[in-house]
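Everything on this sheet refers to the single structure shown next.
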Amino acid sequence: QVQLVESGGGLVQAGGSLRLSCAASGRTFSSYAIGWFRQAPGKEREFVAAITWRNGSTYYADSVKGRFTISRDNAKNTGYLQMSSLKPEDTAVYYCASRGAGRNYEYWGQGIQVTVSS
């Protein structure tokens, strides 16, 4: 009952930057946090980062810590993932997801391609 739409993906050279957006609609009051996940071809989906709407608490995977920054604009019901110092290993389909307090991630965006060339 929460709809999520990602935007901002594309092709970038290694060392470059990209910002992803995740616009939420529907029953947004029930969302406790927004998370970003990614999945590369032939690999399992992995957690990237998350942020809580109320307090702005952030969490990052070790692989992106120091390079990626997650943020949110509560007034716009939009989450962001600023990606810097991109590496070819960051190439994947990126998904944003929503969860309620004490619940699993249950609402997912359509996914957006990020390709980092060497």
>> Please compute the contact order of the chain in relative form: average sequence separation of alpha-carbon pairs under 8 Å and at least six residues apart, divided by the residue count, as a percent.
In response: 36 percent
> Which shape class applies to region 21-69: rounded if a/c is under 1.5, otherwise prolate when a/b exceeds b/c and oblate if not, where a ≥ b ≥ c are the square roots of the Cα gyration tensor eigenvalues?
Replying inline: oblate
>> Taking amide H atoms as placed 1.01 Å from N in the peptide plane, list the residues 5 or more away in sequence, or in a different chain, whose amide H sits under 5 Å from that of G111.
In response: E6, C96
> Using a 1.4 Å probe, what is the accessible area per residue for the chain, in Å²?
Replying inline: 53 Å²
> Could you give the semi-axes, largest first, of the ellipsoid that matches region 41-106, computed as the square roots of 5 times the alpha carbon gyration tensor eigenvalues and rounded to whole Å?
Replying inline: 21, 15, 11
> Using a simple spin-label model with points 7 Å from Cα along the Cα→Cβ vector, what separation in nm is obtained for S84 and N104?
Replying inline: 3.6 nm
> Carbon and sulfur atoms: what percent of the 1.4 Å accessible area of the chain do they account for?
Replying inline: 46 percent
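The values are calculated or read from the model by the stated rules, or taken from the named source; none is laboratory data. Because the structure is predicted, anything quoted here is derived from the model rather than measured. Here the Cβ is made from the backbone with ideal geometry for all residues, glycine too, and neighbour counts use every protein chain on show. Ligands, DNA and RNA are stripped out before the accessible areas are found, and what is left, the full protein with its side chains, is counted by its heavy atoms. Shrake-Rupley method; radii C 1.70, N 1.55, O 1.52, S 1.80 Å.
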